[in-house]
Amino acid sequence: MKTRIAIIDDHQLFREGMKRILEFEEEFEVVAEGADGSEALAIVEQHRPDIVIMDINMPNTNGVEATRQLVEMYPDTKIVVLSIHDDENYVMRALQMGATGYLLKDMDADTLIEAVKIVAEGGSYLHPKITHNLIREYRRLSAGKNEKEGEGKREARWPLHLLTRRECEVLQLLADGKSNRGIGEALYISEKTVKNHVSNILQKLNVNDRTQAVIVAIKNGWVEVR
């Protein structure tokens with residue numbers, strides 16, 4: 001069974017580029033395209049895609065409002081939001097409306113494919129830069145709380161009772177906001193090997209996606225936010 005995808009974006013050239021990238025993957029099928037949020041509702045009604053990739057800034061009905069309506073009417077359809085904004089307020093607003101993914105428009109092809117695969121498998125996906133920003137803010141708030149309570153800054157301690165040394169290195173690079181390609185380049189290993197390490201980390205930490213893995217790691221003091 002192929003993952004059925006609808007692309008909603010008011011820039012035709014951008015839609016065509018995403019369609020070409022996605023359809024290079026045998027398991028993906030782009031079943032429809034639209035230019036604004038109101039079209040998204042009609043498209044989902046007609047085609048029932050598994051995933052809708054939705055621009056956040058569009059004329060008429062914007063992506064956030066369309067996401068809210070789609071989640072209410074078609075809860076089985078997963079929404080991945082596209083945006084030029086990496087501000088936490090935009091991210092949280094989209095997630096609150098029910099989006100399961102948030103991508104920045106300056107992403108590369110590998111990030112787009114990775115995100116759609118993870119969401120199709122039931123996980124959630126945030127662009128690595130977004131993940132890093134959210135985690136940095138979480139760490140800042142935690143540091144302020146610890147300072148009020150008289151606690152000093154904790155040094156990161158790798159969870160070698162749970163993960164291998166290499167998996168700990170991968171986890172740290174996830175916290176740094178690296179993509180799979182970036183992790184591979186940093187550790188001189190292939191992207192396929194990185195994906196295997198990430199899968200092992202998720203399984204061992206009993207979480208569904210990389211963002212949850214990093215949040216668990218932050219809470220336990222297993223990584224540094226640099």
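The values are calculated or read from the model by the stated rules, or taken from the named source; none is laboratory data. Note that this is a predicted model, so its numbers are computed, not measured. Note: ideal-geometry Cβ built from the backbone for every residue, glycine included; neighbour counts use all protein chains shown. Surface accessibility is based on the protein's heavy atoms, side chains included, excluding ligands, DNA and RNA. Shrake-Rupley method; radii C 1.70, N 1.55, O 1.52, S 1.80 Å.
Condition first: modelled with pLDDT of 90 or more, in contact with a helix residue (DSSP H, G or I) (Cβ under 7 Å, 6 or more places away or on another chain) and open to solvent by 10 Å² or more (accessible area, probe 1.4 Å). Now tell me which residues in region 42-62 satisfy that.
Asp50
Would you point out the residue of region 181-210, among those that are touching a Gly at 6+ places or on another chain (Cβ under 7 Å) and part of a loop (DSSP other than H, G, I, E, B), that is surrounded by the fewest Cβ atoms within 10 Å (Cβ to Cβ)?
Looking at residues that are touching a Gly at 6+ places or on another chain (Cβ under 7 Å) and part of a loop (DSSP other than H, G, I, E, B), I get Ser190.
Touching a Pro at 6+ places or on another chain (Cβ under 7 Å), in contact (Cβ under 8 Å) with a residue 24 or more places away in the chain and not assigned by the TED database to the domain that holds Ala175, is that true of Thr111? Talk me through it step by step, then tell me what you get.
On the way: touching a Pro at 6+ places or on another chain (Cβ under 7 Å): no; in contact (Cβ under 8 Å) with a residue 24 or more places away in the chain: yes; not assigned by the TED database to the domain that holds Ala175: yes.
In short, no.
Is there a residue being free of Cβ contacts under 8 Å to residues at least 24 places away in the same chain, of a type in the set (S, T, N, Q) and surrounded by fewer than 18 Cβ atoms within 10 Å (Cβ to Cβ) anywhere in region 72-95?
Within region 72-95, one or more residues are free of Cβ contacts under 8 Å to residues at least 24 places away in the same chain, of a type in the set (S, T, N, Q) and surrounded by fewer than 18 Cβ atoms within 10 Å (Cβ to Cβ).
Might you let me know whether region 134-142 holds any residue that is at pLDDT 90 or above and of a type in the set (Val, Ile, Thr)? Show your work before the answer.
So the first thing to find is which residues in region 134-142 are at pLDDT 90 or above, and the list is none.
There is no residue in region 134-142 that is at pLDDT 90 or above and of a type in the set (Val, Ile, Thr).
Residues in region 175-189: is at least one out of contact with any helix residue (DSSP H, G or I) (no Cβ under 9 Å at 6 or more places or on another chain), at positive phi and modelled with pLDDT of 70 or more?
Taking region 175-189 first, the residues out of contact with any helix residue (DSSP H, G or I) (no Cβ under 9 Å at 6 or more places or on another chain) are 185, 188.
Next, from what is left, pick out any that are at positive phi: 188.
With the extra rule that they be modelled with pLDDT of 70 or more, the set shrinks to 188.
Yes, region 175-189 has at least one match.
Just to be sure I understand the filter: pairs with C-beta atoms under 8 Å, separated by 6 or more residues or on different chains, first member in region 28-40 and closer than 17 Å to Leu13 by Cα, second member small (Gly, Ala, Ser) and open to solvent by 10 Å² or more (accessible area, probe 1.4 Å). Which pairs pass?
Short answer, once both residue conditions are applied: Gly34/Ala42.
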